[in-house]
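Q: Dropping a structure here in structure tokens format, bear with me for questions.
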């Protein structure tokens, strides 16, 4: 199964993305069905998800050049061939 993480780049509109306003074309009777899965900083989410595994990984490394200081920064390097995670 292929997995990916997406995040907003730039200012964006949190009010739009979280549906905090009611547009004219919205059925207000169904608004309660909207689901906000995660509205956190992507950097904080990376730390929550990967810090423990990163610590274990780094503990096993005998070469300093194989240790990873910040997984978010390492995975966010531009020009990667694929951004999707398997």
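The values are calculated or read from the model by the stated rules, or taken from the named source; none is laboratory data. As the structure is a prediction and not an experimental result, all values here were calculated from the model. Heads up, the Cβs are rebuilt from the backbone with ideal geometry, glycines too, and the neighbour counts pull from every protein chain shown.
Q: Can you name the residue in the range 19-39 that is part of a loop (DSSP other than H, G, I, E, B) and surrounded by 10 or more Cβ atoms within 10 Å (Cβ to Cβ) and is also modelled with the highest pLDDT among such residues? Reasoning before the result, please.
A: Narrowing the range 19-39 to residues part of a loop (DSSP other than H, G, I, E, B): 19-27, 34-39.
Narrowing the set further to residues that are surrounded by 10 or more Cβ atoms within 10 Å (Cβ to Cβ) leaves 19-20, 22, 26.
Values: 19: 62, 20: 68, 22: 73, 26: 79.
Applying the filter and picking the extreme gives 26.
Q: For the range 2-18, indicate whether the set of residues that are exposed (fewer than 10 other Cβ atoms within 10 Å of the Cβ), at pLDDT 85 or above and either part of a helix (DSSP H, G or I) or under 12 Å from the mean Cα position of the chain (by Cα) (or both) is non-empty.
A: Here is the first cut: in the range 2-18, the residues exposed (fewer than 10 other Cβ atoms within 10 Å of the Cβ) are 2-4, 6, 9-11, 15.
If we keep only those that are at pLDDT 85 or above too, we end up with none.
There is no residue in the range 2-18 that is exposed (fewer than 10 other Cβ atoms within 10 Å of the Cβ), at pLDDT 85 or above and either part of a helix (DSSP H, G or I) or under 12 Å from the mean Cα position of the chain (by Cα) (or both).
Q: Count, please, the residues in the range 50-86 that happen to be part of a helix (DSSP H, G or I) and at pLDDT below 90. Quick ask: steps written out before the conclusion?
A: To start, the set of residues in the range 50-86 that are part of a helix (DSSP H, G or I) comprises 50-60, 64-66, 71-75.
Narrowing further to those that are at pLDDT below 90: 71-75.
Selection size over the range 50-86: 5.
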